[in-house]
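Participant: There's a structure below that I have some questions on.
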Amino acid sequence: MCAMARPRKPLLSTDRIVVTARALVDAEGLAAVSTRRLAAELGVSGPSLYNHFRTKDEILEAVADSVSAQVDLSMFEDGRPWRRALHDWAVSYRTALRAHPNIVPVLARGPGRRPAALRLADAVYGAMVDAGWPPAQATSIGALMRYFVMGSALGSFAGGFVDDAAAYDPADYPHLGQAHRLAERQEKIDERAFETGLTALLDGLEHQYRQIAPTA
């Protein structure tokens, strides 16, 4: 009679480490990530992680790149006008970052050597140059959009107000009489603010583009 085989633990892989680390960052923040904690979460010995990553920073870089990989770039390949492409990309970018806001400080360092982040930068820059923007301005547009999207993903404006009307004494804050209601409408207000800012940015870029279009 054959003995029953013992159930095997899932093989440790780069993807499994990244997924586990990303979940840990999402739940508890960057400070929660350590090789010891990750090894415990994965059910492996600490040294086994070093077969895939040399340092904690490398793990966080990989987590950041996995989030960049969630951003849709198809709008730069399917013939959409540059303004529509930028709008749709910004929406997809913000969606990815809002799902993983704790990793934004790592993303804010720039793409470094991260493949997905470099593909993202390449797609935006290439699409703007192809649309007729001078290279220097195309670079500025990529930076501007990154600043705006990352800033919007770092936190909720509406969620920063408490829902206690007594906190907004009209003697001290005469214009904040309804501020206690912001938190309950957080998602709607934040979405509207993002779209308002994005439209304003794109309107400004459209105005600049008309100035350079005759020579584009």
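The values are calculated or read from the model by the stated rules, or taken from the named source; none is laboratory data. Owing to the predicted nature of the structure, the values given are computational and were not obtained by experimental measurement. Ideal geometry is used to build each Cβ from the backbone, glycine not excepted, and the neighbour counts take in all protein chains shown. Side chains are part of the model used for accessible areas, which takes the heavy atoms of the whole protein and leaves out ligands, DNA and RNA. Shrake-Rupley method; radii C 1.70, N 1.55, O 1.52, S 1.80 Å.
Participant: How much length, in nm to one decimal, is gained on full extension between residue 203 and residue 26, taken as 0.36 nm per residue of separation minus their Cα-Cα distance?
Facilitator: That pair, residue 203 and residue 26, stretches by 60.3 nm at full extension.
Participant: Could you list, bin by bin from short to long, the percent of Cα-Cα pairs of the chain in 5 Å steps?
Facilitator: The calculated distribution, bin by bin, is 1, 6, 12, 14, 13, 12, 11, 10, 8, 6, 3, 2, 1, 1, 0, 0, 0, 0.
Participant: Sum -39500 (n - 2.57) across every DSSP H segment of at least 4 residues in the chain, then divide by the residue count to get the 222 nm mean residue ellipticity, nearest 500.
Facilitator: -18500 deg cm²/dmol
Participant: Using just the alpha carbons, could you tell me how many Å³ per residue the convex hull of the range 105-205 encloses?
Facilitator: Cα convex hull per residue, to the nearest whole number: 137 Å³.
Participant: Can you report the principal axis dimensions of the range 1-102 using only the alpha carbons, biggest first, rounded to whole angstrom?
Facilitator: That gives 67, 39, 23 Å along the principal axes, largest extent first.
Participant: Taking all protein chains in place and a 1.4 Å probe, what share, in percent, of the accessible surface of the chain do carbon and sulfur account for?
Facilitator: In the chain, the share of accessible area belonging to carbon and sulfur is 55 percent.
Participant: Under a point-charge model restricted to the Cβ atoms of Lys and Arg (+1) and Asp and Glu (-1), what is the dipole moment magnitude of the chain relative to its Cα centre, in debye to the nearest 20?
Facilitator: 940
Participant: What relative contact order, as a whole-number percentage, does the chain give when Cα pairs under 8 Å and 6 or more residues apart are counted?
Facilitator: 16
Participant: Also, I was wondering about something else. Restricting to Cα atoms and excluding each atom paired with itself, what does the Kirkwood estimate give for the range 66-160 in Å?
Facilitator: The Cα-based Kirkwood calculation yields 13.6 Å.
Participant: Taking only protein heavy atoms into account and a 1.4 Å probe, give the accessible area per residue of the chain in Å².
Facilitator: Using a 1.4 Å probe on heavy atoms only, each residue of the chain averages 59 Å².
Participant: So how exposed is residue 119, as accessible area in Å² (1.4 Å probe, rounded to 10)?
Facilitator: Around 140 Å² of this residue is reachable by solvent.
Participant: Using θ = phi - 60° and the Karplus relation 6.51 cos²θ - 1.76 cosθ + 1.60, list the HN-Hα couplings for the range 179-194 in order, rounded to whole Hz, with x at every Gly or Pro.
Facilitator: Result, ordered by residue: 4, 5, 8, 5, 4, 6, 10, 3, 4, 5, 5, 5, 5, 5, 5, 4 Hz.
Participant: Also: What net charge is computed for the residues neighbouring residue 194, neighbours being all others with C-beta under 12 Å from the C-beta of residue 194, Lys and Arg scored +1, Asp and Glu -1?
Facilitator: Neighbour charge sum, excluding residue 194 itself: 0.
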